[in-house]
Amino acid sequence: MSLETDVRDTVGNPTKAVDMVNHPPHYKKGIETIKIIRSKLTMEEYIGYLRGTIIKYITRLGYKGHDEDMINDVGKIIWYAKELESYLKEKSHE
């Protein structure tokens with residue numbers, strides 16, 4: 001899932017849409033933080049981090065006041081759940 005935001009250049013012409021859930025531009029300043037977190041935590045800690053993040057987004061869903069924020073948060077819930085699923089599958093094959 002992604003929520004693409006219309007982006008316009010300095011003269012108002014449409015440019016490439018930005019995916020604010022899976023690839024927000026402010027995360028593209030070098031290595032993504034999630035990769036650093038994963039490399040520094042044990043398996044148990046990383047699973048707990050992902051589960052906690054999912055819970056965080058679920059419990060505050062709808063409190064930001066805008067539909068776009070809720071859509072972004074649902075996308076983040078899905079992203080972290082897919083990351084957890086992928087990680088568990090990867091670790092089960094080691």
Exercise. Answer yes or no: is there a residue in the stretch 59-70 that is closer than 20 Å to Met20 by Cα, part of a helix (DSSP H, G or I), in contact (Cβ under 8 Å) with a residue 12 or more places away in the chain and of a type outside the set (Asp, Glu).
Key: no
Practice problem: Sort through Gly48, Gly30 and tell me the only one that's outside any helix (DSSP H, G or I) and either among the small types (Gly, Ala, Ser) or touching a helix residue (DSSP H, G or I) at 6+ places or on another chain (Cβ under 8 Å) (or both). | Solution: Gly30
Self-check item: All positions within the stretch 7-22 that are modelled with pLDDT under 70 and of a type outside the set (A, V, I, L, M)
Solution: Arg8, Asp9, Thr10, Gly12, Asn13, Pro14, Thr15, Lys16
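The values are calculated or read from the model by the stated rules, or taken from the named source; none is laboratory data. Nothing here was measured: the structure is a model prediction, and the numbers come from that model. As a convention, Cβ positions derive from the backbone with ideal geometry for all residues, glycine included, and neighbour counts pool all protein chains shown.
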